Structures are given as C-alpha cells and as structure tokens.
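Report on the following structure.
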Amino acid sequence: MARLAPGDLAPDFTLPTADGGSLTLSSLRGNRVVVFFFPAAMTPGCTKEACDFEDSYASLQAAGYTVVGISPDPVPRLAEFAESAALTYPLASDTDRTVLSSWGAYGEKKLYGKTVEGVIRSTVVVGPDGTVELAQYNIKATGHVAKLRRDLGLD
C-alpha cells in the first residue's frame with residue numbers, strides 16, 4: 001500500500017478502543033491528531049514508544065495535539081497494555097489490519113535482515129482539516145517522540 005504524504009486526505013476510520021469504546025478519526029476534525037502505529041502491545045520497543053508518548057501527552061495536548069495509538073492487537077490486549085503502562089490516550093485495535101494498510105503502515109519490511117510482512121512502525125500527524133501534515137515511516141521506537149516534538153517545533 002502506498003504511504004501517506006503531506007497534503008493527502010487521511011483515510012477515515014472507526015476502530016474499537018482499549019477502554020471499550022470506539023474512535024472515529026473524523027470526529028476529531030478541528031484538532032491536530034498524532035496517529036502512531038505500533039506492532040505489538042507489551043513488547044519492549046512498543047512499550048518504550050508508548051510510554052514516551054505518555055510522558056509527552058500533556059504537553060502535546062497543551063499544544064493542540066490529540067494522540068492515538070493503533071496496533072493489530074485485540075482490545076483485551078490493548079486494555080491490559082494501557083493499564084500496565086498507565087497510558088491515558090486512546091489505543092485502537094485494528095485486528096484485520098485494514099487501517100494499517102490504508103495508512104501505509106502495514107506491508108513488507110526488513111526485520112533482522114529478512115523481508116517480512118508486518119506492521120511498519122509509523123507516525124502520521126493529521127491537521128484540523130483532515131489532511132496529512134507529517135508522515136514518518138520505519139521509525140525507531142527509542143527517541144522517536146523527542147524527534148517528533150522537534151519536527152513539530154515543540155522543543
């Protein structure tokens with residue numbers, strides 16, 4: 001699937017969330033939304049990235065950003081992850097990988113020198129009008145949130 005680029009309309013979605021509700025992207029119009037895609041809840045890299053977003057969540061909100069994490073994990077696993085890592089922003093479940101694919105965050109990637117199909121760790125910032133402002137693919141979990149903050153002019 002093609003990756004998103006600045007100026008593209010972000011594909012809308014409605015996904016179930018860890019708190020038992022659901023989240024629709026278009027319901028967040030008027031806000032800037034940081035959507036990050038991660039491979040698996042409660043793995044070391046994903047926990048580091050999710051906790052980094054949590055550590056920056058209040059300041060991102062103060063700067064007008066909403067944060068949403070999406071993975072192919074089922075809702076109960078995401079609920080366990082949110083509780084164990086004390087995450088307060090929404091985590092959404094995309095078990096059939098439809099949203100991951102439409103956002104360019106699922107497909108072939110290199111893992112330990114092999115080409116495999118899976119979640120491509122990615123972050124997309126969606127503007128108030130629903131268009132992509134920033135799209136980053138194949139990111140590293142460690143240090144990503146600090147780099148994103150710099151890229152957004154927040155540090």
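What the table shows:
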{"read-out": "Accessible surface of the range 1-113 [probe 1.4 Å, protein heavy atoms]: carbon and sulfur percent", "value": "53 percent"}
{"read-out": "Solvent-free Debye scattering, log10 I(q)/I(0), computed from the Cα coordinates of the range 69-109 at q = 0.14, 0.15, 0.16, 0.25 Å⁻¹", "value": "-0.33, -0.38, -0.42, -0.81"}
{"read-out": "Whole-Å semi-axes of the range 100-140's equivalent ellipsoid (Cα gyration tensor)", "value": "24, 10, 5"}
{"read-out": "Ellipsoid semi-axes in whole angstrom, largest first, where each is sqrt(5λ) of the Cα gyration tensor of the range 1-61", "value": "21, 16, 15"}
{"read-out": "Net charge, ALA40 excluded, C-beta distance under 9 Å - Lys, Arg +1, Asp, Glu -1", "value": "0"}
{"read-out": "Computed helical MRE - 222 nm, the chain, DSSP H runs ≥ 4 contributing -39500 (n - 2.57), nearest 500", "value": "-8500 deg cm²/dmol"}
{"read-out": "Proximal charge balance of LEU134 [Cβ under 13 Å; K/R count +1, D/E count -1]", "value": "+2"}
{"read-out": "Loop sites in the range 53-155: trypsin sites (Lys or Arg not before Pro), DSSP, at most 11 other Cβ within 10 Å", "value": "LYS140"}
{"read-out": "Whole-number D in µm² s⁻¹ for the range 79-155, Kirkwood Cα-pair radius fed into Stokes-Einstein, 37 °C, 0.692 mPa s", "value": "226 µm²/s"}
{"read-out": "Karplus-derived HN-Hα couplings along the range 112-120 (A = 6.51, B = -1.76, C = 1.60, θ = phi - 60°), whole Hz, x at Gly and Pro", "value": "6, x, 10, 8, 10, 9, x, 6, 9"}
{"read-out": "Residue-wise HN-Hα coupling along the range 21-26, computed from phi with Karplus coefficients 6.51, -1.76, 1.60 (Hz; x: Gly, Pro)", "value": "x, 8, 9, 10, 4, 4"}
{"read-out": "The range 8-138, relative contact order [Cα under 8 Å, separation at least 6], %", "value": "32 percent"}
{"read-out": "Over the chain: Rg over Rh, Cα atoms, Kirkwood Rh", "value": "0.92"}
{"read-out": "Surface accessible to a 1.4 Å probe, per residue, for the residues of the chain, Å²", "value": "47 Å²"}
{"read-out": "Given charges at Cβ of Lys, Arg, Asp, Glu: the chain dipole, positive-most of SER59, GLY130, GLY153", "value": "GLY153"}
{"read-out": "Among PHE81, THR115, VAL68 - extreme Cα towards positive end, dipole of the range 59-128, charges at beta-carbon", "value": "THR115"}
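The values are calculated or read from the model by the stated rules, or taken from the named source; none is laboratory data. For clarity, every value in this text was computed on a predicted model and none was experimentally measured. Virtual Cβ from ideal backbone geometry, glycine too; neighbours counted across all protein chains shown. Calculation scope for accessible area: heavy atoms of the full protein, side chains included, ligands and nucleic acids excluded. Shrake-Rupley method; radii C 1.70, N 1.55, O 1.52, S 1.80 Å.
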